[in-house]
Amino acid sequence: MALRDMFIALSENKVLNEAAKKYGLKMGAQHVVAGTTIEETIASIKALNKQGISCTVDNLGEFVFEKSEALAAKEQIINMIEAIHNSGVDAHISLKPSQLGLDIDKAFCLDNLMDIAEVAANYNNFINFDMENYARLHDSFELMETINAKYNNIGTVIQAYFLESIENIEKYKNLRLRIVKGAYKEPSTIAYQDKATIDANYISLIEYHLLNGSFTSIATHDHHVINHVKKFAETHAIDKDKFEFQMLYGFRTDMQQALAKEGYHFCVYVPFGSDWYGYFMRRLAERPQNMALITKQVFTKKTNIAIGLTAGAFLLGRLSKRTK
Ligand SMILES: Cc1cc2nc3c(=O)[nH]c(=O)nc-3n(C[C@H](O)[C@H](O)[C@H](O)COP(=O)(O)OP(=O)(O)OC[C@H]3O[C@@H](n4cnc5c(N)ncnc54)[C@H](O)[C@@H]3O)c2cc1C
């Protein structure tokens, strides 16, 4: 658990996020990030489409506290929607409200989201609201509901570690939902902590939405869950057009291709841009072995030192808390 906490703390470190922007992607992070530019990303999407895999595209970005940054992110997302349309690839958009100004001003964020949703609707594209940490959960749902009342091209995410996830899946059962285990560190007052409990709740939510809800995206790298869903769908005669599996770009690619070949709908989450550091640290928090995906070059001497210092400070902080 200490390791998970450490990587989550690193993902939230603004200085390291900035450093990684300068030193990162060109040195090997392409294993988990599809491109820094829209053109490179469209090429990666085309390659996945050729394997029968569709994509959901995420413009990477963290720590947006300036309106100018949120507006730049909006422009980039709109450009991506246009590029998807012009190139004819099979892809839709995933976005994070915090990148579009949620932490600055909710009304400003709503305006940005409305602009994006309108362009997406014009191009017959779909927008998925990714869900972040609990502090942003209810605001994000509220924004999503407001947008969905005007455009019906919106879906969202249910995170199984939240105690309230069962209420939310019932509430949003008419939406296309991506169901995940949950990636952030949350306290026990609001979130299950134990892996077995989270996994069991994850299965219950998936089964509920498959039986009662709209389209289900099962977003996991966990083969136990995937095998369970395959059997469950067969037993309950759930049509393959009612659900899809999702995985992150670059993870378990053999399994991605195998599932697509078996005739399941498969969608890859495709992150792009230079702001990859926080995203990657959360992947390490989930599974430290993911480090093996990354070439040694990703971390230069400079970033290694910075990461080492931060990790050290973080662990010291934990130890000192323990002795208090
Ligand atoms: C497409 C997608 C979108 C997501 N969107 C969100 C979001 O909006 N909000 C959010 O909070 N979280 C999101 N997540 C992250 C999610 O919440 C989990 O943190 C993350 O997926 C890790 O959990 P898991 O279900 O993949 O499996 P885990 O619980 O991490 O792993 C279970 C088991 O699966 C196997 N396994 C897992 N990964 C690998 C691997 N790379 N190679 C080999 N075996 C492996 C291992 O046996 C492991 O023990 C998303 C995840 C995906 C895939």
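Every number here is computed from the coordinates shown, using simple stated rules; none is lab data. Just so we're clear, the structure is a prediction, and the values are computed from it rather than from any experiment. Heads up, the Cβs are rebuilt from the backbone with ideal geometry, glycines too, and the neighbour counts pull from every protein chain shown.
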Self-check item: Dipole of the chain, positive direction: furthest Cα of A120, Y269, F108, with charges on the beta-carbon
Solution: Y269
Exercise. Could you calculate the contour length gain from H138 to S214, that is, 0.36 nm times the residue separation minus the distance between their Cα atoms, to one decimal place in nm?
Key: 25.2 nm
Quiz item: With springs only between Cα atoms under 10 Å, which of K67, K195, K21 fluctuates most in a Gaussian network model of the chain?
Solution: K195
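Roughly what % antiparallel, to the nearest 5, for the DSSP beta bridges in the chain? Let's see the in-between values first.
Working: 1 of 33 bridges.
Antiparallel bridges make up about 5 percent of those DSSP assigns within the chain.
Express the relative contact order of the chain as a whole percentage, based on alpha carbon pairs under 8 Å and six or more residues apart in sequence. Write down the numbers at each step before the final one.
Working: 504 pairs, mean separation 94.6, N = 324.
That works out to 29 percent.
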Exercise. As a check on your grasp of the helix formula, calculate [θ] at 222 nm for the chain: sum -39500 (n - 2.57) over DSSP H runs of n ≥ 4, divide by the residue count, round to the nearest 500.
Key: -16500 deg cm²/dmol
Exercise. Evaluate the distance, in nm, between pseudo-label points positioned 7 Å from the Cα of E69 and of R252 along their respective Cα→Cβ axes.
Key: 3.3 nm
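Per-residue counts of other Cβ atoms within 10 Å, averaged by peptide: what ranking do you get for 85-94, 232-241, 171-180, highest first? Working shown, then result.
Values: 85-94: 17.9, 232-241: 11.1, 171-180: 19.8.
The packing order, highest mean first, is 171-180, 85-94, 232-241.
Give me the tail of P(r) for the range 219-285 as a percent: Cα-Cα pairs with distance above 16 Å.
Details: 1135 of 2211 pairs.
The proportion of pairs with Cα distances above 16 Å equals 51 percent.
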Quiz item: Got a sec? Which residues in the range 48-84 would a label at D105 touch, if it sits 7 Å along Cα→Cβ and we count backbone N under 17 Å?
Solution: 64-74
Quiz item: Which of the DSSP-defined H helices in the chain satisfy a minimum axial length of 27 Å, computed from C-alpha atoms, and a minimum mean Kyte-Doolittle hydropathy of -1.0?
Solution: 67-87, 301-323
Quiz item: Pairs K106/K185; K50/K240; K21/K171; K46/K67: which exceed 31 Å Cα-Cα?
Solution: K21/K171; K46/K67
Exercise. Any chance you could get the radius of gyration and Dmax over the Cα atoms of the chain, in Å?
Key: 19.2, 60
